[in-house]
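What follows is calculated from the coordinates using simple rules that are stated; it is not laboratory data. As the structure is a computational prediction, the values presented were derived from the model and not from experiment. Note that we place each Cβ from the backbone using ideal geometry, even for glycine, and neighbour counts take in every protein chain shown.
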Amino acid sequence: MNKRSEATKQTILIAAGNLFSQKGYDAVTMREIAKEAGCSHTTIYLYFQDKVTLLHQLSMPVLQNFYQKLQDISHQQNPPLEKLTEMSREYIYFGLHNKNMYSIFINARSTRVDEEKPELEINKLRNEIFSLLMNAIQECLNIQETARLLAYTRIYYYSLNGVLTTYSYMHESVETIMERLTPTFDLMVETLIAGFTAKINEAGREDESN
């Protein structure tokens, strides 16, 4: 691809990112993206087959980098709760740093986190990210029951997204938010794990009494 073609491709990607962040993925059309990029609605298809292709090229490099960071943390020889806490910080930082595009990166054309063979590559990667988090929780709780582990990971995941929703419109810098609130974020993880542990112990006592 020559320099002019590469420049056109990057202009289209930037236009798509701007429109996705402003209007949401589903509301934007290829024709609107072409207009935003200053090219014809036929030209855009020379570079991108469809909107899903645009989504992949915008999101996959970012998500792959994020996945690698979480994977690096997961391989550390630290206590399970410490690893989960660090992964949580990384997740929150990622969401705040990409707050205009976070929903696109994580949710656009998404599927269930427990779907074994997602059709789209982006959903395979998203589910791998979720699996890293689930494995970290499993290490903390030492449970093998898949349904319970999935439920607890979803609750934990909802909590992370609650943080990101709360601070998505804050005018503080990401660094300021992380410095000010990391102790609270860490306490959130510790409290969730303590609550999950209590529920597991409660279920164990009920099983013994039956």
Taking the Cβ of Lys117 as the center, what net charge do the other residues with Cβ under 15 Å away carry, scoring Lys and Arg +1 and Asp and Glu -1?
-> -3
Taking a point 7 angstrom from the Cα of Thr197 along the C-beta vector, which residues in the stretch 113-152 have backbone N less than 14 Å away?
-> 137-143
Grab the Cα-Cα distance for Asp50 and Glu32, subtract it from 0.36 nm times how many residues apart they are, and report the gain in nm with one decimal.
-> 5.2 nm
Anisotropy class of the stretch 52-209 from Cα gyration tensor, a/c 1.5 cut | oblate
Could you calculate the contour length gain from Glu190 to Glu90, that is, 0.36 nm times the residue separation minus the distance between their Cα atoms, to one decimal place in nm?
-> 34.4 nm
Roughly how many whole Å is it from the C-alpha centroid of the stretch 146-178 to that of the stretch 107-125?
-> 20 Å
Given R₀ = 41 Å, FRET efficiency for Ser173-Asp207 by Cβ-Cβ distance, to 0.05?
-> 0.25
Once both labels are modelled 7 Å past Cα along the beta-carbon direction, what's the Asn78-Tyr157 spacing in nm?
-> 2.3 nm
